[in-house]
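Each remark here refers to the structure printed beneath this line.
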Amino acid sequence: MTIDWRAIAQRAGSADAERFAAHLRTLELDAEPEHLADLALAFAAASGDERAQEELYARVTRAARTTLPAAGYAAHVVDDTIGELALTLLGEPGKPSALLTYRGQASLGAWLRTLAVRTAMRLAEACRREAPASDSDDTLVDRMAAADLTRDLYRAELRTVVRRAFAVAVGRLSYFDRELLGAFIVRGQSLEDLARTHDIHRATAARWLARARASLERELYGELERDLKASGSQIASMLDSVRSNIELSVERLLDVSRG
């Protein structure tokens, strides 16, 4: 019996029934999944729908906070699990979202709880093996708080190249990283604000923000290396030499990335 996946996709209320139907076919399901609405939500979030991504992030947070403390994990492991899992599910630059592996045969909540436990186990093991950091959490927080992502302005002859590269880099950020940078830069939230919003320690907020900034820098360097046919060290030297001539608006570029 042939399954009419397009009709099922339309019944699920997918904004893009054709693409959702194609995705359902790739899952090679024998019948309509029991948790079709959850599957539609996961597909929408993986496809970049911001409302779906916000809902997905809320579900990740709920899954981690209701499951991990009962399993004996410390608060900082719970915090880092939320960040790690959200980044994996909402998409790292150049990597397909793990949400596309969800088949809708168990509820999305149950699937997320399983992933949260697996992620926490891995992070806890990594923490046990990791050598003591040279910087304390407070030092890291102070450094991050002092950092200013809007400091870099570029010479007139490089303005067009850098503006385009920066816009592309911002557009390639994951939803999770873009939201963190948007909150910190566009909406002017402090580390304490971010910590309250996500119910985490401010040191964890600093680590999340540092990772988002590193992703942005990696994408920016990649674009500039391709545009200018220069090495990473040459790009770094060029940027260092023009820091006093800023005309680049991070706020505007973040707004552009949101459409």
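Derivation of every value follows stated rules applied to the coordinates shown; laboratory data play no part. Note that the structure is predicted; figures quoted are calculated from it, not measured. Cβ sites come from the backbone with ideal geometry, for glycine too, and all protein chains shown count toward neighbours.
Length gained on full extension, THR66 to GLU225: 52.8 nm, using 0.36 nm per residue less the C-alpha separation. Here the stretch 57-129 is treated as an ellipsoid with the same Cα gyration tensor; its semi-axes, largest first and in whole Å, are 20, 15, 10. The length gained on full extension between ARG51 and ASP193, counted as 0.36 nm times the residue separation minus their Cα-Cα distance, comes to 49.0 nm. Take each peptide in 109-122, 165-178, count the other Cβ atoms within 10 Å of every residue, and average; sorted highest first, the result is 165-178, 109-122.
For the stretch 5-129, the relative contact order comes to 29 percent (Cα pairs under 8 Å, sequence separation of at least 6).
Rg ratio for the stretch 5-129: its Cα radius of gyration over 2.2 N^0.38 Å, N being its residue count, equals 1.11.
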